[in-house]
Amino acid sequence: MENKYIPLYRKYRPQTFHDLIGQENIVHALSNAIELNRIAHAYLLCGPRGTGKTSSARILAKSLNCKEGPTLTPCGKCPACLDIMNSIPVDVIEIDAASNRSVEDTQAILEKIQYVPVNGRYKIYVIDEVHMLSNHAFNALLKTLEEPPENVIFILATTEPHKVLDTIISRCQRFDFRRITTDDIVKRLEYISKEENINISKEALYSIAKNSQGGMRDALALLDQISVLGVNKQIDTADVNEILGKISYDTLQEITECILESDCSKSISLIDNIYSKGNEPVQIVSNLIQYFRDLMIIKNCSDKELIFSLTQINEVNYEKTKPIAEKFTVSEIIQIIDRLSYYATQIKETTNKYLWLELCIIDLTNYKNLPSAENLLNRIEVLEAKLASGDFSVPKVQSTQTTQPISKPQIQEQTVKQTAVEQPKAPIAKPVEEIKNVEIKQEEQNQKPSMQAANSASSDMNSLWVSILQSIDSPPNRAFYSNLARPVEISESKIVIAFSKEMFVKQAKEGAKRQALVDAVSKYMNISNPNIDVITSDNIDLSKKVAPVTSPIKKAEEEKNLIQQEEEEYHSFVEAKKEEQSKPQPVNIDASSQAAMVKELFDGKYIN
């Protein structure tokens, strides 16, 4: 009978402190404790998964119970070592606190503590995931943990030490295991690959190490899974990404270029192809977040070695990614990551995940239109400069009224011709009358039904299309039609819209997207069961977005405001002239006028 296959993470589990990778400080402390015979009654081993907590507990147990011990190099052949290696619970009892967490389980442990060891010097209890114990179980363990029998040692292991009671932690010697570095994991994987004759490239090993998140067990499990692909060829990074379900760097770069070029149609096609291959929407968004995080590191770091260690980029991908990173600013990258994080949360919480994925990529392709902190700062700087200079001039808007108000130069010319005692006429009466007419017309328009407003603007198809889009209640459906659809015909009898791709036509003809457009047309145009036709047209330029058109009512309001502004300016000028004319003016009398006045005063008699 053939021997049963042993997974790599079990086959190459560390058997001595020398085999323990990446935990030099803990190895040094425990080794000195064994050599000095200063063994504590309880240990608490904390750290991420796959960093060597349970392995360290077994190595410590073997070092203490070995026939040649206490020693740093247990023989691995005596009954005590074999029992530990084969997980036979004689003197070393391993307990999973996740499934034995009640107070009754703890009491069962305490009842067996009084028995002496069988093959070794100590009876050692290894309680894994100890934070899963209930509070009652912790309280039952407290007194025994503080003062256990002389030949009993507790080794507690947990990935979440903050959930362990402080009274338990204070009774233990605590050791915190850190994540294993990428280089240490790669060295170990290279050694195991040579021992197992696994044909794999070093770049693939680095990819495995970076995806293991500092855990040796995860790295060995992934190497074991991918090793079957190296029978006829060398395993490369693409094979690792395929096993992990990760999107290739070339595809991520292509999506990023679509975002840079605001190519919404192509980006949605790429996302649809990725989704069709089995990638979940959350996974797609997570890959994009990781890619833009790599872009940010490339943008802010000049040391290649540091970039390679912090990211999953190799030399070839770095040369492709560097030019793309230069096209973004740091604030833009941060803003895109923030939007991706928002949509990742929404996708996790919703049932229609693909719809939110589409909305996410549409939003990203329009990232240049999003308000940014940099734009706001620029506007603030402009306002501060105007405040400092006192220049508050605003470009003057040209009026569209047929009857134009009197301009300032005309007013000044007429005033010069008037005498000092003559009151100025009121040339503003006519514009005021026109203002009242505009107000009356506006009130009449507000009282008309929405269908009459639609008929008055039917000549502008884009205006009607924008109004219909604004009547769509769902933001994802509104974004779908706004970015991908273009109007071909809009009338009371028939509405025709077109898409550039057949896949979008299919979506618009079915389900919630179809119903959203029907409801919007019915609501805006007061038509029950509107006739809506969706077609495909390759001649439509999707890059030209339909610009919102100002409604007639809003246009009348703007014209009214402009007339009021002109009226206020005229009144201000007239008041200034009145004030100037009210001041006493010096009288200049020539010689002839003076002689006439004297003659009249003295009855024509001159005094010599």
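I'm checking my understanding of the structure. Among residues of region 77-105 that are assigned to a loop (DSSP other than H, G, I, E, B) and out of contact with any helix residue (DSSP H, G or I) (no Cβ under 7 Å at 6 or more places or on another chain), which one is most open to solvent (accessible area, probe 1.4 Å)? For region 77-105, the residue satisfying everything is 77.
Of all residues in region 20-30, count the ones that are of a type in the set (A, V, I, L, M) and either free of Cβ contacts under 8 Å to residues at least 60 places away in the same chain or farther than 17 Å from residue 50 by Cβ (or both). Within region 20-30, residues that are of a type in the set (A, V, I, L, M) and either free of Cβ contacts under 8 Å to residues at least 60 places away in the same chain or farther than 17 Å from residue 50 by Cβ (or both) number 4. Annotation: of all residues in region 499-508 being surrounded by 13 or more Cβ atoms within 10 Å (Cβ to Cβ) and in contact with a strand residue (DSSP E or B) (Cβ under 8 Å, 6 or more places away or on another chain), the one that is nearest to residue 474 (Cα to Cα) is 508. Scanning region 1-19 for residues being open to solvent by 60 Å² or more (accessible area, probe 1.4 Å), in contact (Cβ under 8 Å) with a residue 60 or more places away in the chain and either among the hydroxyl-bearing types (Ser, Thr, Tyr) or not in a loop (DSSP other than H, G, I, E, B) (or both) gives a total of 1. Restricting attention to region 342-367, the residues that are open to solvent by less than 50 Å² (accessible area, probe 1.4 Å) and either more than 23 Å from residue 513 (Cα to Cα) or in a helix (DSSP H, G or I) (or both) add up to 16. Scanning region 368-403 for residues that are over 16 Å from residue 331 (Cα atoms), open to solvent by 100 Å² or more (accessible area, probe 1.4 Å), hydrophobic (A, V, I, L, M, F, W, C) and modelled with pLDDT of 70 or more yields a count of 2. Being over 42 Å from the mean Cα position of the chain (by Cα) and surrounded by fewer than 19 Cβ atoms within 10 Å (Cβ to Cβ) is the filter here; which residues of region 149-159 pass it? Matches in region 149-159: 149, 150, 151. Looking for something open to solvent by 10 Å² or more (accessible area, probe 1.4 Å), within 23 Å of residue 20 (Cα to Cα) and part of a helix (DSSP H, G or I) - is there at least one such residue anywhere in region 160-168? Yes, region 160-168 contains a residue that is open to solvent by 10 Å² or more (accessible area, probe 1.4 Å), within 23 Å of residue 20 (Cα to Cα) and part of a helix (DSSP H, G or I). If we scan region 149-167, do we find a residue that is touching a residue at least 24 places away in the same chain (Cβ under 8 Å), of a type in the set (A, V, I, L, M) and touching a Gly at 6+ places or on another chain (Cβ under 9 Å)? Within region 149-167, one or more residues are touching a residue at least 24 places away in the same chain (Cβ under 8 Å), of a type in the set (A, V, I, L, M) and touching a Gly at 6+ places or on another chain (Cβ under 9 Å). Every test in (1) within 43 Å of the chain's Cα centre (by Cα); (2) not in a strand (DSSP E or B) is passed by residue 126 save one, and that test is (2).
Answer yes or no: is there a residue in region 248-262 that is within 20 Å of residue 352 (Cβ to Cβ), surrounded by fewer than 19 Cβ atoms within 10 Å (Cβ to Cβ) and not basic (Lys, Arg). No, every residue in region 248-262 fails to be within 20 Å of residue 352 (Cβ to Cβ), surrounded by fewer than 19 Cβ atoms within 10 Å (Cβ to Cβ) and not basic (Lys, Arg). A single entry from 288, 295, 252, 229 fulfils the requirement of being more than 22 Å from residue 326 (Cβ to Cβ) and in contact with a helix residue (DSSP H, G or I) (Cβ under 7 Å, 6 or more places away or on another chain): 229.
If you go through region 20-67 and pick out every residue that is crowded, with 18+ Cβ neighbours inside 10 Å, outside any helix (DSSP H, G or I) and of a type in the set (Gly, Ala, Ser), you end up with 5. Scanning region 316-353 for residues that are under 17 Å from the mean Cα position of the chain (by Cα) and among the hydroxyl-bearing types (Ser, Thr, Tyr) gives 329, 331, 341, 342, 343, 345, 350. Put simply, of 214, 230 the only residue that is at positive phi and not aliphatic (A, V, I, L, M) is 214. For region 112-123: of the residues being open to solvent by less than 50 Å² (accessible area, probe 1.4 Å), in a loop (DSSP other than H, G, I, E, B) and out of contact with any Ser or Thr (no Cβ under 9 Å at 6 or more places or on another chain), which is farthest from residue 53 (Cα to Cα)? Among them, the one singled out is 117.
As for region 98-111, it holds no residue that is under 30 Å from residue 188 (Cβ atoms) and in contact with a Ser or Thr (Cβ under 8 Å, 6 or more places away or on another chain). Every residue in region 300-321 that is buried (at least 18 other Cβ atoms within 10 Å of the Cβ) and either outside any loop (DSSP other than H, G, I, E, B) or in contact with a Pro (Cβ under 7 Å, 6 or more places away or on another chain) (or both), please. Result: 307, 317, 321.
Among the residues in region 65-78, are any touching a strand residue (DSSP E or B) at 6+ places or on another chain (Cβ under 8 Å) and either touching a residue at least 24 places away in the same chain (Cβ under 8 Å) or of a type in the set (Gly, Ala, Ser) (or both)? Within region 65-78 (the criterion being touching a strand residue (DSSP E or B) at 6+ places or on another chain (Cβ under 8 Å) and either touching a residue at least 24 places away in the same chain (Cβ under 8 Å) or of a type in the set (Gly, Ala, Ser) (or both)), the answer is yes, since at least one residue qualifies.
The values are calculated or read from the model by the stated rules, or taken from the named source; none is laboratory data. Everything numeric here is computed off the predicted structure, so don't read it as measured data. Neighbour counts run over all protein chains shown; Cβ positions are idealised from the backbone, glycine included. Accessible surface is based on the protein model in full, side chains and every heavy atom, while ligands, DNA and RNA are left aside. Shrake-Rupley method; radii C 1.70, N 1.55, O 1.52, S 1.80 Å.
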